[in-house]
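The values are calculated or read from the model by the stated rules, or taken from the named source; none is laboratory data. It should be emphasised that the depicted structure is a prediction, and the values quoted were computed from it without experimental measurement. All Cβ positions, glycine included, derive from the backbone under ideal geometry; neighbour counts span all protein chains shown.
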Amino acid sequence: MMLGLDSIVLIVVAVAFAWSMGAHYTGATMGMSFASHSIRAWPALILMALLALLGATFASHSVELNLGKGVIAAGSVTVPFAIVIVTSGFLLTTVLTYVKVPSSTIQILVFAVVGAALAAGVSVNWALIGSFVVVWALAPLIACGLGFVLTKVMDFFLPSGKTRRDEAGNARSDAPPQAAKSPENASVPHSASATLIVSRVLVVFGAAASFTMGANDVSNASGVFLMTNMFGVLEAGFIGGVGLAIGALTWGKPLLNRVAFDIVKLDLNMASAAQFAQALVVFIPVVTFGYFTSMNQALVGAMAGAGFARGRQTVQRSTVIGILKGWAIGPLSSLAFAYVAAKLVEAAAPALL
């Protein structure tokens with residue numbers, strides 16, 4: 001089919017948004033695997049890019065439909081209207097990231113849709129918005145509980161992945177020291193082997209988080225394709241997934257070291273438990289209800305639960321305050337930003353909206 005200039009602009013902006021998210025989420029998906037030396041940087045980025053593309057293409061359909069056809073009245077969105085929405089989300093995410101205000105791209109994008117809809121007089125499905133908000137609030141809490149339980153399970157079955165602190169505060173493995181080679185020390189090689197298993201488990205869970213991120217977040221960029229009936233769910237997910245993959249591969253490496261915000265470093269068991277809890281909490285609402293939530297906030301909750309399982313604080317107070325600030329600033333500023341942008345476009349060219 002022939003695409004007009006406005007359609008090409010929409011595709012470019014949507015892919016750019018996906019590109020930015022692909023780079024941004026390297027730390028939340030593969031960061032802990034990389035930081036623990038369970039996988040090198042480029043294999044981590046390639047694995048993330050591939051699985052994010054697969055998740056976006058094949059597991060995002062329910063979320064795409066909810067955002068693309070459920071939040072506002074289907075068939076009421078023109079291509080210029082969609083450009084206002086995705087550009088507002090993209091620019092505001094960039095600005096908040098630049099000024100170091102933690103934010104959720106999902107919350108920003110949803111309320112950009114709401115702001116533009118209010119400006120254009122398009123009806124909003126407030127019941128669906130309310131369901132999103134409930135999921136956003138519950139996800140970190142459920143992830144916290146899962147992180148606690150899974151850490152206890154990991155410690156029971158694979159104690160070699162656990163570390164403890166000595167009087168000087170240095171991490172020290174609970175595995176027995178490799179001293180004299182005697183029958184009494186026959187369990188030492190098994191302990192080293194178990195540690196290797198935990199490292200590989202962490203990589204698998206990071207891969208699961210990458211697939212989940214593709215399914216969960218791609219609609220932030222590509223949901224507008226369904227709003228405008230430009231593409232179907234498979235094509236929309238694939239185009240957005242390509243943007244995610246390119247972002248991970250081209251800009252992800254410098255961001256990979258920023259592992260899960262400003263947190264205390266986790267050991268292998270805690271990292272594995274937190275990563276799996278994050279992936280599970282985000283993926284289940286995606287495939288069952290088509291509801292998406294913040295990968296970062298779910299990970300913070302999961303890490304807090306892992307810390308509680310050890311009787312210590314794993315998430316800094318500033319991180320929690322940052323999340324609360326993001327809750328207050330992101331949605332409201334996004335709604336206002338998109339509302340003003342839509343009004344300006346309407347004033348300049350009324351026929352476009």
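Please go through region 96-122 and pick out each residue that is in contact with a strand residue (DSSP E or B) (Cβ under 8 Å, 6 or more places away or on another chain), in a helix (DSSP H, G or I) and more than 16 Å from N66 (Cβ to Cβ).
L118
Among the residues of region 319-353, count how many are at pLDDT 75 or above and under 30 Å from K152 (Cα atoms).
Adding up the residues that qualify gives 2.
Given (1) in contact with a helix residue (DSSP H, G or I) (Cβ under 6 Å, 6 or more places away or on another chain); (2) of a type in the set (F, W, Y); (3) surrounded by fewer than 19 Cβ atoms within 10 Å (Cβ to Cβ), where does F111 come up short, assuming only one miss?
(3)
Check A328, A304, A279 and return the single one that is free of Cβ contacts under 8 Å to residues at least 60 places away in the same chain and either buried (at least 24 other Cβ atoms within 10 Å of the Cβ) or in a helix (DSSP H, G or I) (or both).
Criteria check complete, one pass: A328.
Among the helices (runs of 4 or more DSSP H) confined wholly to region 159-260, which include 2 or more residues that are of a type in the set (F, W, Y) and at pLDDT 95 or above?
Qualifying helices (runs of 4 or more DSSP H): 187-217.
So is T78 among the hydroxyl-bearing types (S, T, Y), buried (at least 21 other Cβ atoms within 10 Å of the Cβ) and in contact (Cβ under 8 Å) with a residue 40 or more places away in the chain or not?
no
Out of M227, M213, report the one residue that is under 23 Å from V13 (Cβ atoms), crowded, with 22+ Cβ neighbours inside 10 Å and touching a strand residue (DSSP E or B) at 6+ places or on another chain (Cβ under 9 Å).
That would be M227, the only listed residue that is under 23 Å from V13 (Cβ atoms), crowded, with 22+ Cβ neighbours inside 10 Å and touching a strand residue (DSSP E or B) at 6+ places or on another chain (Cβ under 9 Å).
Quick check on T105: is it touching a Ser or Thr at 6+ places or on another chain (Cβ under 7 Å), crowded, with 19+ Cβ neighbours inside 10 Å and at pLDDT below 95?
So T105 passes the test.
Inside region 70-94, can you point out the residues that are part of a helix (DSSP H, G or I) and not hydroxyl-bearing (S, T, Y)?
Once the filter is applied, which keeps residues that are part of a helix (DSSP H, G or I) and not hydroxyl-bearing (S, T, Y), region 70-94 yields V79, P80, F81, A82, I83, V84, I85, V86, G89, F90, L91, L92.
For region 1-69, list the helices (runs of 4 or more DSSP H) that sit wholly inside it and hold at least 3 residues that are surrounded by 20 or more Cβ atoms within 10 Å (Cβ to Cβ) and under 13 Å from the mean Cα position of the chain (by Cα); which are they?
Correct list: 5-24, 26-35, 41-58.
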